[in-house]
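Notes follow once the structure below has been shown.
The values are calculated or read from the model by the stated rules, or taken from the named source; none is laboratory data. This is a predicted model, so every value here is computed, not measured. For neighbour counting, all protein chains shown are included, and Cβ atoms are generated from backbone atoms with ideal geometry for every residue, glycine included. Keep in mind that these areas ignore ligands, DNA and RNA; they rest on the heavy atoms of the full protein, side chains included. Shrake-Rupley method; radii C 1.70, N 1.55, O 1.52, S 1.80 Å.
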Amino acid sequence: DTAVSQTPKYLVTQMGNDKSIKCEQNLGHDTMYWYKQDSKKFLKIMFSYNNKELIINETVPNRFSPKSPDKAHLNLHINSLELGDSAVYFCASSHQPFWEQFFGPGTRLTVL
Amino acid sequence: AQSVTQLGSHVSVSEGALVLLRCNYSSSVPPYLFWYVQYPNQGLQLLLKYTTGATLVKGINGFEAEFKKSETSFHLTKPSAHMSDAAEYFCAVSIRAGNQFYFGTGTSLTVIP
């Protein structure tokens, strides 16, 4: 039974398109996150929600918009995709903010 | 400013040799410290964590780390490397009072047979 799941696992799309990545956790955690990992493996936190409220909103283009319909789900919508958006995006969750985090398997986004 | 530094982006060890991955942090308040491992094409998995109490913490797969406040370090060690330890390792620091969390830049561990 997967603890943190993401869909899709791979996403290949053209520049200018709009796409979404979905994340679900079945751990009963209150906090969820989105991270971006670039080709050099650098991990950058993008957003964090605690009890459906946005608590971290790092400097990312406003083309990226998170949505948390409930505590178990945190989706990421990206408008007008650019080449530089190509990366692996990880969802994670934790019981409390910035406590031990459980990561999803990642979504590899390729923008052509 | 809070941050975390991992010295050495690539470390190679022979199978059976000691593994030592270095992590230093900067924080004005006591941090929580974590080591995560990322195997190829997978998400991150927690190896171990330090919050309070005993400064030597043991994790999964035979890894351990020691919190040294005077040196602001949290180095990861394993007495004997195994081929399956080849992965990317990330140190992380959590400053909960400020809702801040930082990952280090990662260390790629190669194990030579």
Yes/no for A:Tyr33 being within 12 Å of chain B (Cβ to nearest Cβ) and either over 26 Å from B:Trp35 (Cβ atoms) or more than 14 Å from the chain's Cα centre (by Cα) (or both): no
Elements of type strands (runs of 3 or more DSSP E) in region B:1-44, at least 1 residues being open to solvent by 70 Å² or more (accessible area, probe 1.4 Å) and within 11 Å of B:Cys91 (Cβ to Cβ): B:3-7, B:19-26
Flag for B:Val19 being within 12 Å of the chain's Cα centre (by Cα) and closer than 30 Å to A:Ile55 by Cα: no
field: Within region A:29-46, considering residues that are touching a residue at least 40 places away in the same chain (Cβ under 8 Å) and farther than 14 Å from A:Pro66 by Cβ, the one most open to solvent (accessible area, probe 1.4 Å)
entry: A:Ser39
query: Take the residues of region B:99-113 that are more than 8 Å from every other protein chain (Cβ to nearest Cβ) and open to solvent by 40 Å² or more (accessible area, probe 1.4 Å): which is modelled with the lowest pLDDT?
result: B:Tyr102
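Restricting to region B:77-113, and then to whatever is of a type in the set (Val, Ile, Thr) and in contact with a Lys or Arg (Cβ under 9 Å, 6 or more places away or on another chain), can you tell me which residue is farthest from B:Asn61 (Cα to Cα)?
Narrowing region B:77-113 to residues of a type in the set (Val, Ile, Thr): B:77, B:93, B:95, B:105, B:107, B:110-112.
Filter once more, keeping what is in contact with a Lys or Arg (Cβ under 9 Å, 6 or more places away or on another chain): B:105, B:107.
On the way: B:Thr105: 22, B:Thr107: 17 Å.
Within region B:77-113, the match that is farthest from B:Asn61 (Cα to Cα) is B:Thr105.
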field: Meets criteria (in contact (Cβ under 8 Å) with a residue 12 or more places away in the chain, surrounded by fewer than 18 Cβ atoms within 10 Å (Cβ to Cβ) and at the interface with chain B (Cβ under 8 Å from one of its Cβ atoms)) for A:Pro105
entry: yes
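Going residue by residue through region B:88-96, is there one that turns out to be basic (Lys, Arg), surrounded by 16 or more Cβ atoms within 10 Å (Cβ to Cβ) and within 14 Å of chain A (Cβ to nearest Cβ)? Break it down into steps so the answer makes sense when it comes.
Taking region B:88-96 and keeping what is basic (Lys, Arg), we get B:96.
Cutting the leftovers down to surrounded by 16 or more Cβ atoms within 10 Å (Cβ to Cβ) gives us B:96.
Now drop any that are not within 14 Å of chain A (Cβ to nearest Cβ), which leaves B:96.
Among the residues of region B:88-96, at least one is basic (Lys, Arg), surrounded by 16 or more Cβ atoms within 10 Å (Cβ to Cβ) and within 14 Å of chain A (Cβ to nearest Cβ), which makes the answer yes.
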query: Within region A:27-71, can you find the residues that are within 22 Å of A:Pro105 (Cβ to Cβ) and among the basic types (Lys, Arg)?
result: A:Lys36, A:Lys40, A:Lys41, A:Lys44, A:Lys67, A:Lys71
- request: Kindly indicate whether A:Asn17 is touching a residue at least 12 places away in the same chain (Cβ under 8 Å), more than 10 Å from chain B (Cβ to nearest Cβ) and either over 16 Å from A:Phe102 (Cα atoms) or of a type in the set (Gly, Ala, Ser) (or both).
  value: yes
- prompt: Which residues, counting only those in region A:85-102, are more than 9 Å from every other protein chain (Cβ to nearest Cβ) and aromatic (Phe, Trp, Tyr)?
  reply: A:Tyr89
statement: Inside region B:53-85, the number of residues satisfying the requirement of being farther than 17 Å from B:Asn24 by Cα and open to solvent by 40 Å² or more (accessible area, probe 1.4 Å) is 11
query: So, in region A:47-61, of the ones that are assigned to a strand (DSSP E or B) and of a type in the set (A, V, I, L, M, F, W, C), which residue ends up most open to solvent (accessible area, probe 1.4 Å)?
result: A:Leu54
